[in-house]
Amino acid sequence: MPTNTTTIQLRIDKKTKNQAQDIFKKLGMDLSSAMKLFLSQVIRTKSIPFVARTENGFTPEYEQFILDQSADIKKNGVKFKTSKAVMEWLEN
């Protein structure tokens, strides 16, 4: 009896695969189940089901905004007394 499944091959470096498998194991699933979950969410949301973030925790666009604003601050000699004041300035 034929099955209604197909195979996907993915080439990835061994270190990445092993690190991902370790994480998924802690979450109670194997790599295949995690990939099925990912693809199901792509279908459900019709998009990538997560927000890409930089190592600093920001979206690439917001991080670039911060870098641009920081350069502008340095160029114009703006000074802040606290990090809270910086964040308030960035949000306005």
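Remarks
- Cross-chain or 6+ apart pairs with Cβ under 6 Å, the range 20-35 first and modelled with pLDDT under 95, then surrounded by fewer than 12 Cβ atoms within 10 Å (Cβ to Cβ): none
- Some residue of the range 72-79 being surrounded by 10 or more Cβ atoms within 10 Å (Cβ to Cβ), part of a helix (DSSP H, G or I) and free of Cβ contacts under 8 Å to residues at least 60 places away in the same chain: yes
- From the options THR54, THR16, THR6, residue that is at pLDDT 90 or above and either in a loop (DSSP other than H, G, I, E, B) or charged (D, E, K, R) (or both): THR6
- Of the residues GLN9, GLN41, the single one that is surrounded by 10 or more Cβ atoms within 10 Å (Cβ to Cβ) and not hydrophobic (A, V, I, L, M, F, W, C) is GLN41.
- LEU90 modelled with pLDDT under 90 and surrounded by 10 or more Cβ atoms within 10 Å (Cβ to Cβ): yes
The values are calculated or read from the model by the stated rules, or taken from the named source; none is laboratory data. Values in this document were obtained by computation on a predicted structure and should not be read as measured data. Positions of Cβ are backbone-derived with ideal geometry, glycine not excepted, and every protein chain shown enters the neighbour counts.
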